[in-house]
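Have a look at the structure below, then the notes.
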Amino acid sequence: MDSLRIENIKAEYGDFPAVADASITIPQGGMVSVIGTNGSGKTTLMNVAAGLIRPSSGKVMLGGIDITDMEPEKRVSAGLSLVPQGGHCFARMSVEDNLMTGSYDKRARAKSKDLLEKVYTLFPSLKDKRSQMAGTLSGGERQMTAISRALMSDPSVILFDELSLGLAPLVVKNIYERLKELNAKEKVSILLVEQDTRRAMRMTGYTYIMLKGKIVLEGKPEELSEDKVKAAYFGL
Amino acid sequence: MYVLQVIINGILLGGVYAVLGLGMSLSLGIVKLTNLAHGEYIILGAYASMLLQAWLGIDPFLSLVISVPFLFFAGYLIQIFLVNRAMMSGSEPALLVTFGISVILKDAMLLVFGADARHIATDYSNITVDIAGLSIPLLNILLLLLSGVAILLLHLFMHKTYTGRAIRAVSDDREAASLSGISVGHTLAVACGIAAATAAVAGLCVGMKWTWYPSSGGHYLLIAFVIVVIGGLGNVAGTFIAGIVFGLMQVIGGASYGLLISYIFLIVILTLHPHEALIRFLDRMKSTDRQKTANGLSGSGFVTVKTQTEFKSEQKESSDAT
């Protein structure tokens, strides 16, 4: 069964159409990417999936259950987690309090100790800074905190919205390696939203290219030639 | 000796003022709601303790076992059914709703209890204790202890429980909180319930210390505002210190000048920011050890509201790091 299916989503901000028609499927334990230029509707689509924005039409299915009308916090307990653009750590809370907040949901609360252990193994640098205020962390550490907070809810699917934004290449490389590890070991399904086409295609097994609110091209990395991707990406 | 007596009286009285400011600090700092009905909550708490003492014949301090949960649920329900809805359309509609609740509560209390002055008296109300030549009212000591316990419990709750962390998270970033599985509306209502529950404690203090009328809420609301401004929004330790500063000013100024001095002090705080100068000074002292500064920012409040100086020094730090 597919882990997450986004079907024919349409979403507007007032009169402005942000997503015109987009369908995306993440297979169980799979890793897919969505790429596109600024303003192509990627973030809106992620916010629709996480429940922050209600679509005007279309469906969001999580493991076969229709969650289109579910509140964002209920989706978290159903196993869907979004790491929003920029991470959005709780700046005035310590790193560990940030992480524990991720396990607020009752299902995750029961295993919060194990989850914390797991997260600290994944990002050992956070363990050293666990009592530090998240607002005083570097950009990369803040992103790690945000990812870890999402992991603390014990999700089956995680959506990452441009997690490389504003980070040093080396930091990004490290974070992506951790995500690969997570996907391979824990069988967490992952969706990456990226502007870096090459990295996204290298990292994932299936790529969607979005332009002006529509999916204009999709396929496995080996099926997509560079010319085709370029043409779709820029709308040539 | 006289000076020492005055200072000790002020400090003891400060506990009462700190509790008065505590709930307001929660509403303003965490829920970002100017709750104009908070004064009425306090008076409602005083009536609750008075009635419980009269009906059940229990000690007023024991009445908190019932009045605290009662005001918690009242605050929770008012928030979830009335104020949360108004807050969706902005802070002004919410302000007006709390003003309406304030008027309704005040008139309801007038209708039920009449306009008479009330006071909660006990056998030990007038006992004074002699310590090292100073005569200290026993009641003041008990009230300071009560306020200390209330503040400590609240601090632990905010830092050690899932709900406390959720309240801080919602205060910090509502969207990120809901993405962490937290229901924002419910959490805001819990925070307002706790603010109302502190009003039950404040009401008991007011009732045992002074006399009150159904219309006394406005007076205590104003005091709560002053204490929140002096102590910093949402800052538990700051609220406690502000309460003590306020208590000292009341005792030094006496009945005639106490409030005048406090409001002049408030104007000084608002215009000259002496506390920011103090923070800047402390920052300079601490900047030798960066790690310490970072840890120090955790503060002792449940939410440390950043002053401009703190923010600037943080920014400087992060630019140093890159």
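Where a number appears in this text, it was derived from the coordinates with a stated rule and is not lab data. None of the values given here were measured: they were computed from a predicted structure. Here the Cβ is made from the backbone with ideal geometry for all residues, glycine too, and neighbour counts use every protein chain on show.
Starting from the Cα of B:L145, move 7 Å in the Cα-to-Cβ direction to define the label point; list residues of region B:184-214 whose amide nitrogen is under 20 Å from there. Those under the cut-off are B:201-210.
The residues packed around B:A115, meaning those with a beta-carbon under 12 Å from its beta-carbon, carry a net charge of 0 if Lys and Arg are +1 and Asp and Glu are -1. Inter-chain Cβ neighbour count for B:161-167, averaged per residue, equals 4 (cutoff 10 Å, partner chain atoms only).
Taking the longest Cα principal axis of chain A as reference, the axis of helix A:139-151 is set at about 90 degrees. Where the alpha-carbon atoms of region B:2-259 are placed on the principal axes, they occupy 59, 38, 34 Å, in descending order.
For chain B, complete DSSP H runs whose alpha carbons reach 24 Å or more along their own long axis and whose mean Kyte-Doolittle score is -0.5 or higher are B:2-26, B:38-56, B:60-78, B:91-113, B:138-160, B:184-209, B:236-272.
Within region B:29-127, report the trypsin sites (Lys or Arg not before Pro) that DSSP leaves as loop and that have at most 16 other Cβ atoms within 10 Å. The partial results should precede the final answer.
Details: sites: B:K32, B:R85, B:K106, B:R118; in loops: B:K32.
In loop regions of region B:29-127 (DSSP not H, G, I, E or B), the sparsely surrounded trypsin sites (Lys or Arg not before Pro) are B:K32.
For chain A, the longest principal axis of the Cα atoms and the long axis of helix A:169-186 meet at an angle of about 90 degrees. Per-residue ellipticity at 222 nm from helix content only, as computed over chain A with -39500 (n - 2.57) for each DSSP H run of at least four residues, stands at -11000 deg cm²/dmol.
Per residue, the average separation of C-alpha pairs within less than 8 Å and at least 6 apart gives chain A a relative contact order of 29 percent. Shown for chain B: lysine pairs separated by 8 or more places, or found on different chains, whose C-alpha atoms are under 16 Å apart, numbering 5. Per residue of A:100-107, other chain Cβ atoms within 10 Å of the residue Cβ number 6 on average. Neighbours of B:V201 by Cβ distance under 15 Å: Lys/Arg scored +1, Asp/Glu scored -1, total 0.
Run the helix sum for chain B: -39,500 (n - 2.57) per DSSP H stretch of 4+ residues, divided by residue count, reported at 222 nm to the nearest 500 deg cm²/dmol.
Dividing the helical sum by the residues of chain B leaves -25500 deg cm²/dmol.
Cross-link check: pairs A:K106/A:K129; A:K180/A:K220; A:K10/A:K111 evaluated at a Cα-Cα cut-off of 28 Å; pairs beyond the cut-off: A:K10/A:K111. What does a probe at B:S135 reach in region B:1-45, counting residues whose amide N is under 17 Å from the point 7 Å along Cα→Cβ? Those under the cut-off are B:1-10.
For chain B, excluding the exposed loop sites themselves (chymotrypsin sites (Phe, Trp or Tyr not before Pro), DSSP loop, at most 16 other Cβ atoms within 10 Å), the longest remaining stretch covers B:1-123.
Taking every residue in B:262-272 and counting other chain Cβ atoms within 10 Å of its Cβ, the average works out to 0.
Let me make sure I get this right: for region B:86-213, a, b and c are the square roots of the gyration tensor eigenvalues over alpha carbons, sorted descending. Under 1.5 in a/c it's rounded, otherwise prolate if a/b > b/c, else oblate. Which is it? Since a/c reaches 1.5 but b/c is at least a/b, the shape of region B:86-213 is classed as oblate.
In chain A, the sites counted are trypsin sites (Lys or Arg not before Pro) in DSSP loop states with at most 14 other Cβ atoms within 10 Å, and the longest stretch holding none of them, exclusive of the sites, is A:1-110. So what's the net charge close to B:L51: Lys and Arg +1, Asp and Glu -1, counting the other residues with Cβ under 15 Å from its Cβ? Around B:L51, the surrounding residues sum to -1. The C-alpha atoms of chain A define a longest principal axis, and helix A:112-122 lies at about 70 degrees to it. For the protein assembly as shown, the dipole from Cβ point charges (+1 on Lys and Arg, -1 on Asp and Glu) about the Cα centre works out to 740 debye, to the nearest 20. Please report the spacing between the Cα centers of region A:184-236 and region A:18-64 in Å, no decimals. Going from one Cα centre to the other spans 13 Å.
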